[in-house]
Amino acid sequence: MLLAFVVLFVFTFIFLKCKKAFGRRIWTVFIVLACVLSLFFAYVSVSSVWTPEPLSNDVFRGQNALGENEGAFPWSKLSYPLYLIVYHTPFEQLTFESPFAYGQVRLSMFFANAKTLAVNGTFSYRTNVIGSMPLFYVIDFLFSYSYDFFCFLLAIVTLFNIFGALLGIISAKALHKNISK
């Protein structure tokens with residue numbers, strides 16, 4: 001949200017300094033640019049922390065000792081102050097003959113370091129295959145299917161980024177108007 005605000009603020013302010021009058025087409029381009037940039041920032045920040053079916057080796061490799069996955073720093077915080085943390089419990093195998101390993105997953109959404117949403121679920125994957133396998137999630141939420149829940153997260157973060165981007169455009173226009181007087 002803050003990055004979208006800053007990028008659109010700077011871009012709009014520079015464009016306003018170069019050209020005095022804006023038509024409807026230019027403003028439409030700016031709004032579309034704000035939406036596309038917001039969606040891009042949201043996708044990168046959400047998918048760097050949680051993806052619907054990551055590989056089993058990828059999940060446990062990127063976690064700290066507590067099992068939390070905050071994603072890679074610059075990418076997971078592109079939509080700051082709204083960000084995600086995923087916690088996977090270490091996997092457990094049902095029986096020796098069972099081909100599935102499973103564990104618990106908890107996804108938490110934070111807004112300015114305050115937890116706003118916490119969702120639990122389970123994950124499983126096949127263990128009788130050599131190499132890494134996709135994880136299959138079952139989320140305890142309105143959207144229990146993992147792709148639907150991923151799209152829900154993406155929509156929330158995109159809306160916050162669009163709000164920040166539009167505030168950046170409005171602020172740049174107001175600042176340019178006050179400077180040009």
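Descriptive notes on the structure:
- Residues that are surrounded by 14 or more Cβ atoms within 10 Å (Cβ to Cβ) and in a helix (DSSP H, G or I), drawn from region 134-147: S146
- Criterion applied to S108, S79 was being modelled with pLDDT of 85 or more, assigned to a loop (DSSP other than H, G, I, E, B) and small (G, A, S), and the one residue passing it is S79.
The values are calculated or read from the model by the stated rules, or taken from the named source; none is laboratory data. These numbers were taken from a predicted model, which means no experiment stands behind them. Quick reminder, even Gly has a Cβ in these numbers, built from the backbone with ideal geometry, and neighbours come from all protein chains shown.
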